[in-house]
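One structure is given below, encoded as structure tokens.
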């Protein structure tokens, strides 16, 4: 070929120029067609996004997130698929003043626009613990404990300060090792001891709290821990590092459940339910159990009722803290309260007469609201109220359903190709 090129160089140059010109013209035509197609599609896409954003703004109290897909519970419409760009958060809040959403992740807070696009973020290298009032966080950095206030307007940390100077805390597992945390005090597990950190002075000392698994013994305000040791029932206070005790003898306590911050119920020796009053520092027996139970379920919203569980399906006890009674109920899995006196439960069994989602009001018989049982995972049911009130939503293998707390106006409103792994409601932001 090179022999012909040397013999006819002018023809070769002309040939190359023609080929190059045709190529350039082809690419230009392709790109022009693409631009014209995009120009035709873009207005439709923009209008579609605007319509969806309008729905989100108008109905934020009637939306639910299932595996990061956003649904309208009234129409069943899928508004956005894979809505939040960083995935499904632990909690999701609606901020009415800015008309944005605040998502809480293990390592970050992210503010999203109505379209699910990120507007701002606060990212930490390791998990952190946020105060109950969302005013500050604590975290470990370079083996020390730090505290910082939260500026929610600009979504940033302010007044960061190092609290300790002992170089003994694990940055990555700090949140897992945190036992208690108040405005004044932290109790942190470190190797084979519990350390008490004074948040005002930064002083670190071993605590008087026994080195045991805390679990449900921790009060909701993270201030107290109850337990039993050497025949003494105790209530430990994190801020004072003191424990008040009541002599109870050798009897074992099987499980605990706090009813708010001031009262805690316990199962004693699988035979009776006790009530501890924190302000009064008294321990009294509420009721004897009709059969042996070793677990306590979540209380009703007003704290009047609680379940004692035997671990055997159909053998559950409803304890009335006010009337001091214990009555057997049939129940099922994933018991969840839908009002102060009505609870839901799920039965995933073959018997078609018992299978499904059920409701029961205290003192009345059970009633089925759906032949499909709601999903149950990690000890809880996928059933929850919307913040606006008046509607409960729950997930089944077939999709999402809704109802009023009394079971009326039931509707299967979203069909899904597979059961959702997580369902999340949007909460109102109340921390200012």
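The values are calculated or read from the model by the stated rules, or taken from the named source; none is laboratory data. These numbers come from a predicted model, not from an experiment. Positions of Cβ are generated from backbone atoms using ideal geometry, with glycine treated the same way; all protein chains shown enter the neighbour counts.
Worth pointing out:
- One residue from 356, 314 being under 25 Å from residue 384 (Cα atoms), without any contact (Cβ under 8 Å) to a residue 60 or more places away in the chain, out of contact with any helix residue (DSSP H, G or I) (no Cβ under 6 Å at 6 or more places or on another chain) and surrounded by 15 or more Cβ atoms within 10 Å (Cβ to Cβ): 356
- Taking residues in the stretch 325-336 that are over 11 Å from residue 297 (Cβ atoms), and partners anywhere that are exposed (fewer than 15 other Cβ atoms within 10 Å of the Cβ), the pairs with Cβ atoms closer than 7 Å and at least 6 places apart or on different chains are 326/288; 326/290; 328/290; 330/314.
- Among (1) closer than 19 Å to residue 89 by Cβ; (2) part of a strand (DSSP E or B); (3) modelled with pLDDT under 95, the one test that residue 175 misses: (2)
- Lone qualifier among 300, 313 - being touching a strand residue (DSSP E or B) at 6+ places or on another chain (Cβ under 9 Å), assigned to a loop (DSSP other than H, G, I, E, B) and at pLDDT below 95: 313
- Matching option when the condition is more than 30 Å from the chain's Cα centre (by Cα), surrounded by 13 or more Cβ atoms within 10 Å (Cβ to Cβ) and touching a residue at least 40 places away in the same chain (Cβ under 8 Å), among 283, 259: 283
- Taken residue by residue, the stretch 211-219 has no member that is over 23 Å from residue 259 (Cβ atoms) and without any contact (Cβ under 8 Å) to a residue 12 or more places away in the chain.
- For the stretch 220-242, filtered to residues that are in a loop (DSSP other than H, G, I, E, B) and touching a residue at least 24 places away in the same chain (Cβ under 8 Å), the residue that is surrounded by the fewest Cβ atoms within 10 Å (Cβ to Cβ) is 220.
- A single entry from 228, 267 fulfils the requirement of being modelled with pLDDT under 95, at negative phi and in contact with a strand residue (DSSP E or B) (Cβ under 6 Å, 6 or more places away or on another chain): 228.
- Considering residues of the stretch 183-210 that are surrounded by fewer than 16 Cβ atoms within 10 Å (Cβ to Cβ) and in contact (Cβ under 8 Å) with a residue 40 or more places away in the chain only, the residue farthest from residue 164 (Cα to Cα): 183
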